[in-house]
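Reviewing the structure listed below.
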């Protein structure tokens, strides 16, 4: 049976390779100690004339991607959850489960229902470790 691993203490934060996250990504440990919170990543257009250019505000039916970097855990499986408000903004795709020792590219893909600003969310992704 699996259980969540608490990030309490300095040793458990070293179970995730933080150097593989994008430079713009800010990380912190949730107050509960149960998750690693990622925020601050930039959004880029996935299609059209502005493909791969930074997007400040997303328009309706626009497809974007938000690269967070690589999730690499050493000992534990990882479970990824996006901010619930992103689901209200559009169709969301992201890898959900990572195996220990493997590189999991963390990229949020979003097709917006209407105008939205994902950058204004306090966090984008929470990473949980499973034992």
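Every number here is computed from the coordinates shown, using simple stated rules; none is lab data. What you are looking at is a predicted structure, and each value in this text was computed from that prediction instead of being measured. Counting neighbours? That spans all protein chains shown, and the Cβs are built from the backbone with ideal geometry, glycine included.
Relative contact order of the chain: 31 percent, from C-alpha pairs under 8 Å at least 6 residues apart in sequence. The Stokes-Einstein estimate for segment 2-125, based on a Kirkwood radius over Cα pairs and taken at 10 °C with 1.306 mPa s viscosity, is a diffusion coefficient of 105 µm²/s. Sorting 91-98, 39-46 by average packing, meaning the other beta carbons within 10 Å per residue, from highest down gives 39-46, 91-98. Summary of the geometry: segment 41-55 and segment 67-119, compared by the centres of their Cα atoms, lie 17 Å apart.
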